[in-house]
Amino acid sequence: PSEGFLHCLSIHFANSTSISKLVYTQRNSSFSSVLKSSAQNFRFTTPSTPTPLFIITPLLPSHIQAAIYCSRIHGLHVRTRSGGHDFEGLSYTTANYIVPFVVIDLVNLRSVQVDVENATAWVESGATIGELYYGIAQKSRTLAFPAGLFYTVGVGGQFSGGGYGPLFRKYGLAADNVIDARLIDAKGRILDRKSMGEDLFWAIRGGGGGSFGIVLAWKLKLVAVPAIVTVFTVSKTLEQNATKLVHRWQSIAHKFPKELLMSIFISSVKSSEADKKMTIKANFSSMFLGSIDELVPLMEERFPEFGLEEAKMANVFLVAYGGKMDEIPETEIPFPHRAGNIYSIIYVVDWDEKENKNSQRDLQIGSNNMFSCKGSYAQAKIWGRKYFKNNFDRLVYVKTKVDPENFFRHEQSIPPLSCF
């Protein structure tokens, strides 16, 4: 289908002369570097990793519409990438060679437009969180947006999945603060919140990317923050009473005032430079929406055994919930993990490059048989109801209504109830 696809694009691109600059074929000398440009997992950059026939880097919505149309009529599968932290490679590779695919990479769609007077912003899906934060900071010191901690994460992927970060105890998830969006559906239509309807708007804010369409841009409700915030990191080893402090943290961190997020990063370290003996270290990292003069008395009252004082300055990461997260119903957006969760745990495992060949894609909660409609819903609901809880069935309802042919799909996308 390669030549037919390119011919189709040349007809439907608004400016056909731009195709050579926006479409990378496997014969292009830059193909490999573009494909790997935002790959965060070296497991999916090996010679045996399935690669797309083409990488399309659109400048205009019409380029995406053309890519969707031409992919459909030539039987090509589509993966959409916003250039962030896709550790499972679902946005730029596949687990199966059977169906040829293309990658629509939103790298050129990354504008940030901030409206300080109305405390809103429009951000395109190809922007990173860092670019969003920078754009807001350029206009105001007292406005912010409650997205993620890592500035290289792409907003398209994070907002699609819900998006928690340092402000989520105060203001909820990123997706809780999305108030409009522009999306291209499987029919190539550009829809906003009003024209897509509340069901689809609900689904794209936490229902995962790659299931319902391609979100071009998101309208955000910005939130108020003080001009000065306070951060600190304190490290304690087992010998310094880390176990008791972590145990105490578990019972109180989710009850702290909403303005305080206190997380723990646990790792193994050497006891000393001269000693080969290993110990466990807990790094307590916090961000407080206020001054150090407010923070120290608060910690003395709520966590006196921690002993915080004014200072100059396999892993497990514990992130406290509570605050605003307890107040938002689990059906508000697809992300359901709200009241009743006191913290989340992130496990990080590293290995040497030579061990790559023994590692597989780590979709532990489950995955779909994306190459057959038969039984796809039954297979997906096994993992879908674990993660999305009762919201999974509503996501399936929306998917069945807006993309019954399952054009937008990957190994953990939302399936239609049946394919038509």
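The values are calculated or read from the model by the stated rules, or taken from the named source; none is laboratory data. From a predicted model like this one, the values you see are computed outputs, not experimental measurements. Side chains are part of the model used for accessible areas, which takes the heavy atoms of the whole protein and leaves out ligands, DNA and RNA. Shrake-Rupley method; radii C 1.70, N 1.55, O 1.52, S 1.80 Å.
For region 112-224, the relative contact order works out to 32 percent when only alpha carbon pairs closer than 8 Å and six or more residues apart are counted. Largest to smallest in accessible area, the residues GLU310, GLU124 fall in the order GLU310, GLU124 (1.4 Å probe, all protein chains included). If you model region 132-195 as an ellipsoid using its alpha carbon gyration tensor, with each semi-axis the square root of five times an eigenvalue, the axes come out at 24, 14, 12 Å, biggest first.
Among GLU88, GLU198, GLU411, the order of accessible area from largest down is GLU198, GLU88, GLU411, computed with a 1.4 Å probe on protein heavy atoms. Put one equal scatterer on each alpha carbon of region 112-224, apply the Debye formula with no solvent term, and list log10 I(q)/I(0) at q = 0.11 1/Å to two decimals. Each listed q corresponds, in turn, to -0.31.
In whole percent, and with a 1.4 Å probe on the protein chains, what portion of the accessible area of the chain is carbon and sulfur? Could you put the intermediate results ahead of the total?
Details: 10900 of 20360 Å².
Of the solvent-accessible surface of the chain, carbon and sulfur hold 54 percent.
Per the Debye formula on identical point scatterers at the alpha carbon atoms of region 230-320, with no solvent, log10 I(q)/I(0) at q = 0.14, 0.16, 0.18, 0.22 Å⁻¹ is -0.51, -0.65, -0.80, -1.13.
Normalised by residue number, the volume inside the convex hull of the Cα atoms of region 1-105 is 92 Å³ per residue. Per residue, the chain exposes an accessible area of 48 Å² to a 1.4 Å probe, with every protein chain left in place. Could you work out how far the C-alpha centroid of region 187-209 sits from that of region 283-336, in angstrom? That distance is 33 Å. The Cα center of region 13-61 and the Cα center of region 216-263 differ in position by 39 Å. Sorting the Cα pairs of region 45-157 by distance into bins of 10 Å, from 0 upward, gives 14, 37, 29, 15, 5, 0 percent per bin. When the helices of the chain are scored as -39500 (n - 2.57) per DSSP H run of n ≥ 4 and the total is divided over every residue, the value at 222 nm lands at -7500 deg cm²/dmol. Share of pairwise Cα-Cα distances greater than 34 Å in the chain is 36 percent (whole percent).
Ranking of GLU259, GLU294 by solvent-accessible surface, largest first: GLU294, GLU259 (1.4 Å probe, protein heavy atoms only, all chains present).
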